[in-house]
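Read the structure below first, then the notes.
The values are calculated or read from the model by the stated rules, or taken from the named source; none is laboratory data. Please read all numbers here as calculations on a predicted model, not as lab measurements. Because the Cβ atoms are built from the backbone with ideal geometry, glycine has one as well, and the counts that use them run over all protein chains shown.
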Amino acid sequence: MIPLGEFREQLQALIPVLQLWPKCLSVHASLNGEALIGLAEHPTLAFYTYEFEIGYSQTYQEPRLIFKIWEATTEQGAELQRPCFPADLSRLMNVQDFSIGLDHLHEARKDSWFSVHACDTSHIVGSVKHHYLKRWASVYLSLFDPCFSNTYLFVDDV
Amino acid sequence: MDNVRRRAWAGSLNLRVTVHPDLTLNSSNEPEHIISFRVPREIYLVLYFPYILERVAPELRTNVTDFYNGWWLEMEGVPLSWNFPAGVLFDSLTGLDPALRSSRHRHNSLNVWELTLRHEDQCPTNVIPIVRGRDQVREFWMHQWKQACFILNGASKQVMSLSKPDTMKFWDSILRRDQNSFDTIKEKILPTFDNTRYVPLRVHLALPQIRFLEPQAKVQHNNGHIRLGDVLSSEFPEWFPNDSSTPNLAKAVIQGIEVPLQLSVWYLYQELSSFDGFLHVSLCLMTEDASLTSRS
C-alpha cells in the first residue's frame, strides 16, 4: 500500500522515467495532479495505440492502472482512431498473470476503460515505500511492452 | 432482521421495454413493439438481454448474432449503464420519492419503468461494452465483491480464496434467486462488527449529473455507531445540513425504501446491501409535496 500523499510525490518522479520509454508518445500530469495520462505505441502492431492513466485507488490505497486501446482505421481516405475492445487481450498484450477487466467507467470522461485489478498489488510490489511507484511501473507497464523494464537500466537515479 | 433481508431480496420492478423504431421491420404507423415483464431489483438488467431479444428477434431488421454486444437500454433518451443493480438504476435515475410513487401513478395500479431497447455497432460511451457475454458480467460482479471485501476487511482474500464451486454457487444463487445459498457464501466474506474497517457504500446522484461517490464509512466512532445521516451530512452538507432547524433537501432511498437517517450504516449494510457487496444509497431530492409528506 502507498498513502495518497506519498503516491502524489512519487507520481511526479515517474514522468521522466516514462519519457525515457521508447514506446511512449506522450505523458503528462492530469489537471489536478493526481494522475498521469500517457499514450504509447504498440511494440509491434502499428495500428494500435495505448492510452493509459495511472491514478490512485482509494479502495486499495494502491496505484490504479486503466487503459484504452485505440485502433487506426481508414474510411474514405480519412484516418480514424476508434476504441477497440478485444474479447481476448492476450492476442494483443503481454497480459501475464494480470487480472484485467473491461469494467471501468472513467469518472470525468464517462467512457469505458480496461482496468488492471489492484487487489494483489502489495504482494507484487512489496511493502518498501522507497521507489514504490517506480517498482510498480516496472511490473505493470510491461503489460504494454515486455521490454518496458529495460527503461530502468538507465534511470536508477531519476 | 431476516424478514427485511428477504423482502429486499424479493423486491422487483415492472419493466415495459419498447423496441426503438429504427430496429424494427415495420413502418412507423404499425403498433410499437413492446414487451412487459418483471425483474428482481437485485440483478443486472443486461442479464435479461437474451430474454428480450429472443422475444423481439422476429420483428427486428437484422439477425441477432450477439445477445449482449452493441445492445443497451435507455430511459428518456439516457443510456443506462448496466453495471449497477437494476433497483439502484431505477431509484437513482427516476428520482422518484417512494412516498409519492403511488399517487403519481394513480391511473395505474402498477409502477412501470418505461425503457427503450437500442442497438448500434458501438454502445454509447457510458455503457461498458460486453465482448465476452455473460462471463464478463460474472467477472465484473466478482470484481465488485473483491472491492467490497477489501473495504470491509482490508484484504480481498476472503473472496479470492473462495473455492471455484463456491464462486459459481455464489453467482448461480443470484441467477436462480436462491437467497439461502447466497447468504451462506456471503457469510464467509463479511467480518464481525468489531473487525469491520469500513462499510462498502456508494451514494448515487442523478443531479446535476449522473454520478456516484464512495464515502469512507466507518461503523463506529468513540464506541457509538455511525449513522447514515452522519455520513451524508459530512459528504453533502448542502443537502443534509447538520443544523437540525434546517430541513434536509434530499431523502436517502435504499432498495426502493426511504430509510431513516438515524439508522446505523452497519445495520443498513446488514439488512439492505446489494448482491454486489455494496450498500447503494440513492439520493432523491425532496419536492414540496414530499416535504409535506415527511413532516406529517
Residue set A:Ser90, A:Ser138; condition surrounded by fewer than 16 Cβ atoms within 10 Å (Cβ to Cβ) and under 22 Å from A:Pro43 (Cβ atoms); output residue A:Ser90
With the first residue restricted to region A:24-45 and required to be closer than 17 Å to A:Phe7 by Cβ, and the second required to be assigned to a loop (DSSP other than H, G, I, E, B), Cβ contacts under 9 Å at 6 or more apart or on different chains are A:Val27/A:Trp21; A:Ala29/A:Ala35; A:Ser30/A:Ala108; A:Leu36/A:Ser30; A:Ile37/A:Ser30; A:Gly38/A:Trp21
Cβ pairs under 9 Å, 6+ apart or interchain, first in region B:61-85 and assigned by TED's automatic domain parsing to the domain that holds B:Ile254 and closer than 21 Å to A:Asp103 by Cβ, second surrounded by 15 or more Cβ atoms within 10 Å (Cβ to Cβ) and among the β-branched types (Val, Ile, Thr), ordered by first then second residue, are none
Using the structure shown, decide if B:Arg211 is basic (Lys, Arg), under 30 Å from A:Ala108 (Cβ atoms) and touching a strand residue (DSSP E or B) at 6+ places or on another chain (Cβ under 7 Å). yes
Going by the structure shown, is B:Ser173 over 28 Å from B:Tyr48 (Cα atoms), surrounded by fewer than 20 Cβ atoms within 10 Å (Cβ to Cβ) and either outside the structural domain of B:Ser92 (by TED's automatic domain parsing) or of a type in the set (Asp, Glu) (or both)? no
Name every residue in region B:58-83 that is loosely packed, with under 12 Cβ neighbours inside 10 Å and either in a strand (DSSP E or B) or out of contact with any Ser or Thr (no Cβ under 9 Å at 6 or more places or on another chain) (or both), in order of residue number. B:Pro58, B:Thr62, B:Asn63, B:Thr65
Quick check: anything in region A:49-61 within 14 Å of another protein chain (Cβ to nearest Cβ), touching a Ser or Thr at 6+ places or on another chain (Cβ under 9 Å), part of a strand (DSSP E or B) and touching a residue at least 60 places away in the same chain (Cβ under 8 Å)? yes
Some residue of region A:71-82 being more than 14 Å from chain B (Cβ to nearest Cβ), outside any loop (DSSP other than H, G, I, E, B), charged (D, E, K, R) and free of Cβ contacts under 8 Å to residues at least 40 places away in the same chain: yes
Where residues in region B:125-156 are more than 7 Å from chain A (Cβ to nearest Cβ) and within 12 Å of B:Trp82 (Cα to Cα), which of them is surrounded by the most Cβ atoms within 10 Å (Cβ to Cβ)? B:Ile130
Selected residue (only one of A:Ser122, A:Ser30 is out of contact with any Pro (no Cβ under 8 Å at 6 or more places or on another chain), away from chain B (no Cβ under 14 Å), surrounded by fewer than 19 Cβ atoms within 10 Å (Cβ to Cβ) and closer than 29 Å to B:Asp276 by Cβ): A:Ser30
Checking A:Gln96 against (1) at negative phi; (2) surrounded by 10 or more Cβ atoms within 10 Å (Cβ to Cβ), which single condition isn't satisfied? (1)
Within region B:158-168, work out how many residues are more than 9 Å from every other protein chain (Cβ to nearest Cβ) and either of a type outside the set (Gly, Ala, Ser) or under 18 Å from the mean Cα position of the chain (by Cα) (or both). 7
Given the condition away from chain A (no Cβ under 14 Å), touching a Pro at 6+ places or on another chain (Cβ under 9 Å) and either buried (at least 19 other Cβ atoms within 10 Å of the Cβ) or closer than 25 Å to B:Leu47 by Cβ (or both), answer yes or no: does some residue in region B:178-190 qualify? no
Across region A:83-108, which residue is nearest to the other protein chains (Cβ to nearest Cβ) among those that are outside any strand (DSSP E or B), within 25 Å of B:Gln209 (Cβ to Cβ) and free of Cβ contacts under 8 Å to residues at least 40 places away in the same chain? A:Phe85
